[in-house]
Amino acid sequence: MKNLLKIFIPIGWLYGSVMALRNMMFNLGILKTYNAKIPTISVGNLSMGGTGKTPHVDFLISHFKSKFQLAVLSRGYGRRTKGYLKVTEHSSAETVGDEPLLYKLKHKEEIEVAVCEDRTLGAQKLEQGAFNLLILDDAYQHRKIGRDCNILITTFDEPFYKDHVVPAGRLREYRRGKNRANIIVVSKCPKSLSSEDKRKIERKINPSNKQKVFFSNIDYGAILPISSQEAWNSENLPEEVLLVTGIANPEPLQKELEKKFKVELMSFPDHHNYTVNDLNKIHTIFDTFVGQNKAIITTEKDLMRLKQPQLLKLIENRPWYYQSITVGLDEETNFLKQIEKHVSANK
């Protein structure tokens, strides 16, 4: 498959050149950047998705919400609305997107979450509040708005330096786009990654003297019931699992679950909006599993898109669960200090 995609490299050069021209126009000031009055952190990637951006944003929220009046601004990818919207605990993924809803439901009134496809307009709206830190979710290529700390996420298995611009690969721009980052995080690393392996990866990234590279891993937490199902313990673990996902890369989660269960994957497109028909198909496949000791597992992001009354009604009498996750940073204290240094130096 990868060899087949290589025939599209010339098309990727064309797309990459358009993006490079756009970046040059921003660098020269021909295209203007709005610098928000609020100290701003951006988290994003060079690729089309699947880097683990969402748990990293959640990590930042968890660590900074007690120190700052924190606001998070997202495009609200996949939502069926337009313009600026404040995310509440009563919002739906259809109106605000799955990731913004996830942040709001996890952190509630401790943070403000808003969506706007025009990040400049969104930041200007939030400036009217009492917020003193703004996190831009998935805004690496959104250069119309400035940022005081630019965080780039790339994965251990598919780092940007091995990838190509779409359609030959998954990059949104040329690899040299990494030069705009203040901090580069290599995500989804094995916990056993050695210091020597880290140094090899860092050499391939080739950061400037002003850039710092960090390594993170996914920490899989408890598998929790969605409705009235009882929580698992060592005596009631299922033997067979149907993994249902609408995320860019379900493979790491599938591999993790396969350490404990027999797993069958039912994968939908990233940010998929589930329907009653989808759930009926899921349950039909699930009913073919032999035996009673079985369960359906999904992700936290997918759960946001399942929180519709007509879908929850179908779920309530089925053994649906979701996998909770967090991220671990190898140099957590230094990572957070680097972010605060950039924010404080620019405001």
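The values are calculated or read from the model by the stated rules, or taken from the named source; none is laboratory data. Predicted model only: the values in this text are computed from it and were never measured. With ideal geometry, Cβ positions are generated from the backbone for all residues, glycine too; neighbour counts draw on all protein chains shown. These accessible areas exclude ligands, DNA and RNA; they are computed on the full protein's heavy atoms, side chains included. Shrake-Rupley method; radii C 1.70, N 1.55, O 1.52, S 1.80 Å.
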Practice problem: Scan segment 232-279 for residues that are part of a helix (DSSP H, G or I), more than 20 Å from Arg79 (Cα to Cα) and open to solvent by 70 Å² or more (accessible area, probe 1.4 Å) and report the count. | Solution: 2
Practice problem: State the number of residues belonging to segment 67-97 that are assigned to a helix (DSSP H, G or I) and within 18 Å of the chain's Cα centre (by Cα). | Solution: 3
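Quick test for you: out of Glu110, Glu99, pick the one residue that is at negative phi, among the acidic types (Asp, Glu) and in contact with an Asp or Glu (Cβ under 8 Å, 6 or more places away or on another chain).
Every option except Glu99 fails the conditions.
Only one of Glu300, Glu332 is of a type in the set (Asp, Glu) and surrounded by 17 or more Cβ atoms within 10 Å (Cβ to Cβ); which?
Numbers: Glu332 fails: surrounded by 17 or more Cβ atoms within 10 Å (Cβ to Cβ).
The match here is Glu300.
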Exercise. Given the conditions (1) surrounded by 20 or more Cβ atoms within 10 Å (Cβ to Cβ); (2) closer than 17 Å to His142 by Cβ; (3) modelled with pLDDT of 95 or more; (4) of a type in the set (Lys, Arg), report the number of the one that Arg79 does not fulfil.
Key: (3)
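Every residue in segment 280-312 that is of a type outside the set (Val, Ile, Thr), in a helix (DSSP H, G or I) and touching a residue at least 40 places away in the same chain (Cβ under 8 Å), please. Spell out how you get there, then give the answer.
So the first thing to find is which residues in segment 280-312 are of a type outside the set (Val, Ile, Thr), and the list is 280-281, 283, 286-287, 289, 291-295, 300-312.
Of the ones still in play, those that are also in a helix (DSSP H, G or I) are 280-281, 283, 286, 300-306, 309-312.
Phe286, Glu300, Lys301, Asp302, Leu303, Met304, Arg305, Leu306, Leu312, listed by residue number.
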